[in-house]
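**Q** What follows is a single structure, and I will ask about it in a moment.
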Amino acid sequence: MAKEYGAGDITILEGLEAVRMRPGMYIGSVGTKGLNHLIYEIMDNAIDEHLAGYCSEIDITLNPDGSCTVKDNGRGIPVGIQKQAGIPAIEVVFTVLHAGGKFGGGGYKISGGLHGVGASVVNALSEWLEVTVREGGAVYSMRYERGKTVKKLEKIGTCRKNDTGTCVTFKPDAEIFDKTWFKEDALKSRFHECAYLNPKLSIHFHDLRKAEETEDVSFSEPEGLSAYVRDINAGKENVSDVVTFKKTYDGIEVECAFQYVNEFEENILGFCNNIYTQEGGTHVTAFKSKFTTIINQYARELGILKDKDSNFTGTDVRNGMTAIVAVKHPAPRFEGQTKTKLDNPDAGSAVASVTGEEVQLFFDKNLETLKNVIACAEKSAKIRQHEEKAKTNMLSKPKFSIDNNGKLANCESRKAENCEVFIVEGDSAGGSAKTARDRKTQAILPIRGKILNVEKASIDKVLANAEIQTMIDSFGCGFMEGYGNDFDINKLRYNKIIIMTDADVDGAHIDTLLLTFFYRFMPQLIQEGHVYLATPPLYKVVPKRGKGKTTGQYLYDDRALERYRKAHPEGSFTLQRYKGLGEMDPDQLWETTLNPETRILKQVEIEDAHMASEVTEMLMGTDVPARKSFIYRHAHEAEIDS
Ligand code: TTJ
């Protein structure tokens, strides 16, 4: 007889239901990045098995039906009954929510030892998931639908005793995800990254989604981090060879690689347990400060820095440096806006100790390289001193004007789930939008470009802006300051917050500042998928002769125009170019950006907002390197829309 649901099962279902209610809290977003994240979560389990010393190959296949298969040659997830739960361990792995939400605070997954973390999240967000395990000469399988067990564990065949492994196939649930098409370029970047970080692992990728060309790519980087740095620096003039070292200190494995090239930039990437720590953390900070100390010591010893000279700054010392700092920690803690900043102090101590010892050992033996590296720092110091002088000579910039025209034209409905607010650049577009909108559900908040437009506007000034204040008031959920959380998403008055700016540089700048503002003060809005960018058209084309009434067609970028031109003989259509939203009349505005049936919206993901905040920081003259490393990692992920 089928087993009835017990108390334990109910908690399980509630746990997975929570994942389905707030997927963003567990996988970051329900856009493309969140979708790809499902594969990473499953793959991490196989990498854990690799780290345990039992798996050398991972196969990832994108199937024609939209599902994904991840297969390893590890020991296989245990199929025996787990005492605590009274069900097979494998079923626990896929149905029990482990550490708390990854992006929503709480615990964090621990790679390298604790298995099965994240698999239940993927299961909950999959229309169906099937797992096959080969173990002890037998083949077992199970099936789930939207997290619920629909086929209990059963033995389905036999195999050779030494043929072991796990194979998981899952189909992302279209009820949860906006799009269910995996982005293969981003996947390949991540697989390559995993190969660099795990030199003894081979990752094979098959994309079977398109009938014509079947892609097979393998990633295997036996030279590990050294190859990673070499490849990042490909095509640049080397100032040093790649230097690598690896040592375990206090139970924490530290592995680093660095190389100097003749460029005015630094590119330091941090990893912990194979996870890219986008926001850095104790390991990266320790590496940087130790390096600074060492180089300054050498520069004084060698007489390159005289008594009267001040030390090189950290930025000077890292001028031209590409480095990877990878640690393996038994219990990592992550903090920061995107939970990608390593927080463990002992990881910092380990990196400082290992770096101090190993880098000195290297430079003691390689004086020429040392001198070249110090020359990079000297170049940077000269430029810096020059800029500092220029800055003190500069007149103070004119103050901001406070604009009081920012008035919200609210909608009639008070049902948040039906309501949306458009943040519109410019008074004329704002006016058109107020006329064109559906007054019941659409609110319009016009903002003046010229205020936010001022170069190097700091976030404080953005906050002091009257329209921004109107925005905070109209959203209704407050904002968080620092780590004190006065933000309450349940009070949000609009389901969608849509940023609507011109498709030009100024518009992009306003987007950047607004996203930075959301990212810093209301990140949950983005995490839970409430923030969108409108995509206004650039062109309208109208055929000159057509049957009946022709309304024409909107084109959203230059490539689309190019395609249209190719398909239509010259002179057979008229072309209108929109310089901005302000040029559109209410009907056009409705048709292209307001009407839910015809508009194009791009959901903002937390990574987009993170990038925006880095760009803002860059415009303020700090932390350029962080931006640089971001570009390298995510260049492949840029969406190409048509
Ligand atoms: C656990 O400890 C006993 C031996 O097997 C260990 C284990 O769970 N190994 C393991 C899990 N290997 N591979 C996985 C795995 C692979 C994929 C693709 C997905 C999941 C959820 C787990």
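The values are calculated or read from the model by the stated rules, or taken from the named source; none is laboratory data. Bear in mind that the values here come from a model prediction, so they are computed numbers and not experimental data. Here the Cβ positions follow ideal geometry from the backbone for every residue, glycine too, while neighbour counts run over all protein chains shown.
**Q** Determine which single condition residue 597 fails, assuming it passes every other condition in (1) more than 28 Å from residue 30 (Cβ to Cβ); (2) charged (D, E, K, R); (3) not in a helix (DSSP H, G or I).
**A** Failing condition for residue 597: (1).
**Q** Looking only at residues in segment 109-124 that are within 11 Å of the ligand (Cβ to nearest atom) and either part of a loop (DSSP other than H, G, I, E, B) or assigned by TED's automatic domain parsing to the domain that holds residue 278 (or both), which one is modelled with the highest pLDDT? Steps first, please.
**A** Of all residues in segment 109-124, those within 11 Å of the ligand (Cβ to nearest atom) come to 113-123.
With either part of a loop (DSSP other than H, G, I, E, B) or assigned by TED's automatic domain parsing to the domain that holds residue 278 (or both) added as a condition, the list becomes 113-118.
On the way: 113: 30, 114: 32, 115: 34, 116: 38, 117: 55, 118: 88.
So, considering only residues that are within 11 Å of the ligand (Cβ to nearest atom) and either part of a loop (DSSP other than H, G, I, E, B) or assigned by TED's automatic domain parsing to the domain that holds residue 278 (or both), the one modelled with the highest pLDDT is 118.
**Q** Note down all Cβ pairs under 8 Å where the first residue falls in segment 47-68 and is farther than 23 Å from residue 184 by Cβ and aromatic (Phe, Trp, Tyr), the second is near the ligand (Cβ under 9 Å from one of its atoms) and in a loop (DSSP other than H, G, I, E, B), and they're at least six residues apart or on different chains.
**A** Close Cβ pairs (under 8 Å, with a partner that is near the ligand (Cβ under 9 Å from one of its atoms) and in a loop (DSSP other than H, G, I, E, B)) amount to 54/74; 54/75.
**Q** Select from segment 49-68 the residues that are within 10 Å of the ligand (Cβ to nearest atom) and surrounded by 19 or more Cβ atoms within 10 Å (Cβ to Cβ) and write down the one among them that is nearest to residue 179 (Cα to Cα).
**A** Taking segment 49-68 first, the residues within 10 Å of the ligand (Cβ to nearest atom) are 49-50, 52, 54-55, 58-60.
Narrowing the set further to residues that are surrounded by 19 or more Cβ atoms within 10 Å (Cβ to Cβ) leaves 49-50, 55, 58, 60.
Numbers: 49: 31, 50: 31, 55: 32, 58: 25, 60: 20 Å.
If we take residues in segment 49-68 being within 10 Å of the ligand (Cβ to nearest atom) and surrounded by 19 or more Cβ atoms within 10 Å (Cβ to Cβ), then 60 is nearest to residue 179 (Cα to Cα).
**Q** Collect the residues in segment 330-362 that are farther than 20 Å from residue 278 by Cβ and of a type in the set (Ser, Thr, Tyr), keeping them in residue-number order.
**A** Within segment 330-362, 349, 353, 355 qualify.
**Q** Return the residues of segment 474-488 that are at pLDDT 85 or above and surrounded by fewer than 16 Cβ atoms within 10 Å (Cβ to Cβ); say none if nothing qualifies.
**A** Of the residues in segment 474-488, the ones at pLDDT 85 or above are 474-477, 488.
Scanning segment 474-488 gives 476, 488.
**Q** OK, next. Search segment 159-179 for residues being farther than 18 Å from residue 78 by Cβ and surrounded by fewer than 17 Cβ atoms within 10 Å (Cβ to Cβ), and hand back the single one that is nearest to the ligand (Cβ to nearest atom).
**A** Filtering segment 159-179 down to residues farther than 18 Å from residue 78 by Cβ leaves 160, 169-179.
From what is left, the residues that are surrounded by fewer than 17 Cβ atoms within 10 Å (Cβ to Cβ) are 160, 174-175, 178-179.
Working: 160: 18, 174: 22, 175: 22, 178: 25, 179: 23 Å.
Only one residue fits best here, namely 160.
**Q** State which residue pairs qualify: first residue farther than 15 Å from residue 140 by Cβ and inside segment 73-85, second residue more than 9 Å from the ligand (Cβ to nearest atom) in any location, beta carbons under 7 Å apart, and separation of 6 or more residues or different chains.
**A** Here the result reads 73/56; 73/57; 85/8; 85/92, each pair linking segment 73-85 to a residue that is more than 9 Å from the ligand (Cβ to nearest atom).
**Q** Which of the residues that make up segment 303-344 are surrounded by 24 or more Cβ atoms within 10 Å (Cβ to Cβ), among the aliphatic types (A, V, I, L, M) and out of contact with any strand residue (DSSP E or B) (no Cβ under 7 Å at 6 or more places or on another chain)?
**A** 317
**Q** What residue, among those in segment 65-108 that are within 29 Å of residue 606 (Cα to Cα), in a loop (DSSP other than H, G, I, E, B) and at pLDDT 95 or above, is farthest from the chain's Cα centre (by Cα)?
**A** So in segment 65-108, the residues within 29 Å of residue 606 (Cα to Cα) come out as 65-70, 93-108.
Cutting the leftovers down to in a loop (DSSP other than H, G, I, E, B) gives us 65-67, 96-108.
Next, from what is left, pick out any that are at pLDDT 95 or above: 65-67.
Details: 65: 26, 66: 22, 67: 22 Å.
Residue satisfying both the conditions and the ranking: 65.
**Q** So which residues in segment 75-94 are away from the ligand (no atom under 12 Å from the Cβ) and among the charged types (D, E, K, R)?
**A** 83
**Q** Surrounded by fewer than 23 Cβ atoms within 10 Å (Cβ to Cβ), within 16 Å of the ligand (Cβ to nearest atom) and either assigned to a loop (DSSP other than H, G, I, E, B) or at pLDDT 90 or above (or both) - does that describe any residue in segment 18-28?
**A** Checking segment 18-28: at least one residue is surrounded by fewer than 23 Cβ atoms within 10 Å (Cβ to Cβ), within 16 Å of the ligand (Cβ to nearest atom) and either assigned to a loop (DSSP other than H, G, I, E, B) or at pLDDT 90 or above (or both).
**Q** Also: Which of the following residues is crowded, with 20+ Cβ neighbours inside 10 Å, in contact with a helix residue (DSSP H, G or I) (Cβ under 8 Å, 6 or more places away or on another chain), within 24 Å of residue 381 (Cα to Cα) and β-branched (Val, Ile, Thr): 294, 268?
**A** On the way: 294 fails: crowded, with 20+ Cβ neighbours inside 10 Å.
268 is the lone residue from the list that is crowded, with 20+ Cβ neighbours inside 10 Å, in contact with a helix residue (DSSP H, G or I) (Cβ under 8 Å, 6 or more places away or on another chain), within 24 Å of residue 381 (Cα to Cα) and β-branched (Val, Ile, Thr).
**Q** Anything in segment 214-263 that is out of contact with any helix residue (DSSP H, G or I) (no Cβ under 8 Å at 6 or more places or on another chain), among the hydrophobic types (A, V, I, L, M, F, W, C) and assigned to a strand (DSSP E or B)? List them, or say none.
**A** 261
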